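Read the structure below first, then the notes.
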Amino acid sequence: MTSKRAADPVIAATGLFTPPHSISNEELVESYNRYAENWNAQHADAIAAGDVDAKVASSTEFIEKASGIQSRHVMDKWSVLDPQIMAPRLPERPDEELSVLAEIGVAAAKMALERAGRDAGEVDAVLCACSNLQRPYPAMAVEIQDALGMGDGFGFDMNVACSSATFGIQTAADFIRAGNARSVLVVSPEITSGHLNWRDRDSHFIFGDVATAVLVERADMAPAAHWDILGTRLKTSFSNNIRNNFGFLNRAHSETRDTDDKWFVQEGRKVFKEVVPMVSAMIADHMNELGLRGSQLRRLWLHQANANMNRLIAHRVLGHEATEDESPTVLDRYANTSSAGSIIAFHEHSGDLEAGDIGLICSFGAGYSAGTVFVRKAG
């Protein structure tokens, strides 16, 4: 690892917006089981004839064993829990009003700016890096840029599913290394409740809503309390095992087409089996490139999708079963927040580290995609 230079990119600060509403597993299960009971009653004859399968009840034990999730934050709680709706209801806003995705992104960005002591006018670029963009255009990043009052500069959207934030951090770091920007905001607003099929027992518990922001800057303008970026690496490998087919071309299809695939769908067991070794090997290769060993890592901030996946990946990286201090989780309270998960973990569990401590921000998900960002506490 080389010594730090003035133009090197660093993480100056992070920000977090958490929706005020939280749904516990107990509340979610009660809602789903009411829906399943009603559905079974309505299709009793078809079930008896063997034409369709009955809906199986969910349980808190099933959810926590499968995922480690205990609750999740959402933008709209009561419509999600209503067995007649089971989806968020967010009123459409006029074009002249700040969109809801931009609104939560701005909230996270303002926190990051405040923590860094940075004025929005000093920021050169905004990258809106997330899984669930509210619209194709105008770019959400440009709307966030305008709402922050940045003035000059630029913004664009990028989507690499759950890895979007780490891909955004490398993109921001590359802009700084190339001299195209001095200060870049990577904003990840995720209203994942909108793409989740709340009527699917195998996935109705997975996601939650949130927004994060990461301020990446030149070392010579960042606050003293920052994180040196030691290295970044990105990887993609095409897979259909996590997919969402919703998009503008849907209107070109027959109206009779089955719509189940327009929501989040995944082959969970295949994802687990394939992603754990892929990500573990990627981290090991990147560590070797940087001359790092597992024993040198003070903390891992892993993608918050599944507690069992994180446990296995952390064990392979560290060489032993990770403690909560070594690999903290926010999954139990936030659920899977897609691109924001590892950033929430970093935001909430990095303040106690000391100068010189090294850690890893890592995300992985649909694509498949994965990103690693090794950082060192400055001081």
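The values are calculated or read from the model by the stated rules, or taken from the named source; none is laboratory data. These figures come from a predicted structure and were not determined experimentally. So basically every Cβ, Gly included, is an ideal-geometry build from the backbone, and we count neighbours across all protein chains shown.
Residue check: Glu114 meets all listed conditions (1) touching a helix residue (DSSP H, G or I) at 6+ places or on another chain (Cβ under 6 Å); (2) of a type outside the set (Lys, Arg); (3) over 24 Å from Gly365 (Cβ atoms) but one, namely (1). Among residues that are among the hydrophobic types (A, V, I, L, M, F, W, C), surrounded by 13 or more Cβ atoms within 10 Å (Cβ to Cβ) and touching a Pro at 6+ places or on another chain (Cβ under 7 Å), Val74 is included.
Residues of the range 122-146 that are buried (at least 24 other Cβ atoms within 10 Å of the Cβ) and among the hydroxyl-bearing types (Ser, Thr, Tyr): Ser131 alone. Among the residues of the range 2-12, some residue qualifies, meaning at least one is at pLDDT below 95, under 30 Å from Ala224 (Cα atoms) and either part of a helix (DSSP H, G or I) or touching a strand residue (DSSP E or B) at 6+ places or on another chain (Cβ under 6 Å) (or both). Name the pairs whose Cβ atoms lie under 6 Å apart, with the first residue in the range 356-379 and in contact (Cβ under 8 Å) with a residue 60 or more places away in the chain and among the polar types (S, T, N, Q), the second assigned to a loop (DSSP other than H, G, I, E, B) and surrounded by fewer than 24 Cβ atoms within 10 Å (Cβ to Cβ), and 6 or more positions between them or separate chains? Listed by first residue and then by second, the contacts come to Ser369/Ala161.
Scan the range 147-166 and give yes if some residue there is among the hydroxyl-bearing types (Ser, Thr, Tyr), crowded, with 19+ Cβ neighbours inside 10 Å, in a helix (DSSP H, G or I) and in contact (Cβ under 8 Å) with a residue 24 or more places away in the chain, otherwise no. Checked against the condition, which is being among the hydroxyl-bearing types (Ser, Thr, Tyr), crowded, with 19+ Cβ neighbours inside 10 Å, in a helix (DSSP H, G or I) and in contact (Cβ under 8 Å) with a residue 24 or more places away in the chain, the range 147-166 yields at least one hit. In the set (1) surrounded by fewer than 13 Cβ atoms within 10 Å (Cβ to Cβ); (2) in a helix (DSSP H, G or I), Asn33 fails one condition alone, (1). If you go through the range 313-364 and keep only what is under 22 Å from Leu16 (Cβ atoms) and of a type in the set (Val, Ile, Thr), you end up with Thr329, Val330, Thr337, Ile343, Ile344, Ile361. When Ala281, Ala314 are checked against the criterion of being out of contact with any strand residue (DSSP E or B) (no Cβ under 8 Å at 6 or more places or on another chain) and either in a helix (DSSP H, G or I) or under 23 Å from Asp352 (Cα atoms) (or both), Ala281 stands alone in meeting it.
Quick grid of which residues meet (1) among the hydroxyl-bearing types (Ser, Thr, Tyr); (2) modelled with pLDDT of 95 or more; (3) more than 27 Å from Ala66 (Cβ to Cβ):
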site: Met158; (1), (2), (3): no, yes, yes
site: Cys162; (1), (2), (3): no, yes, no
site: Phe167; (1), (2), (3): no, yes, yes
site: Ala173; (1), (2), (3): no, yes, yes
site: Gly179; (1), (2), (3): no, yes, yes
site: Ser193; (1), (2), (3): yes, yes, no
site: Trp198; (1), (2), (3): no, yes, no
site: Ser203; (1), (2), (3): yes, no, no
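Could you please let me know if Ala307 is free of Cβ contacts under 8 Å to residues at least 24 places away in the same chain and either among the hydroxyl-bearing types (Ser, Thr, Tyr) or farther than 30 Å from Glu114 by Cβ (or both)? No, not satisfied. Take Ala222 and decide whether it is more than 30 Å from Asp82 (Cβ to Cβ), crowded, with 24+ Cβ neighbours inside 10 Å and not basic (Lys, Arg). Yes: the conditions hold for Ala222.
Taking first residues from the range 7-22 that are surrounded by fewer than 23 Cβ atoms within 10 Å (Cβ to Cβ) and of a type outside the set (Gly, Ala, Ser) and partners that are at pLDDT below 95 and assigned to a strand (DSSP E or B), no Cβ contact under 9 Å between residues at least 6 apart in sequence or on separate chains turns up. Scanning the range 55-112 for residues that are touching a strand residue (DSSP E or B) at 6+ places or on another chain (Cβ under 9 Å), outside any helix (DSSP H, G or I), touching a residue at least 60 places away in the same chain (Cβ under 8 Å) and among the charged types (D, E, K, R) yields Arg72, Asp76.
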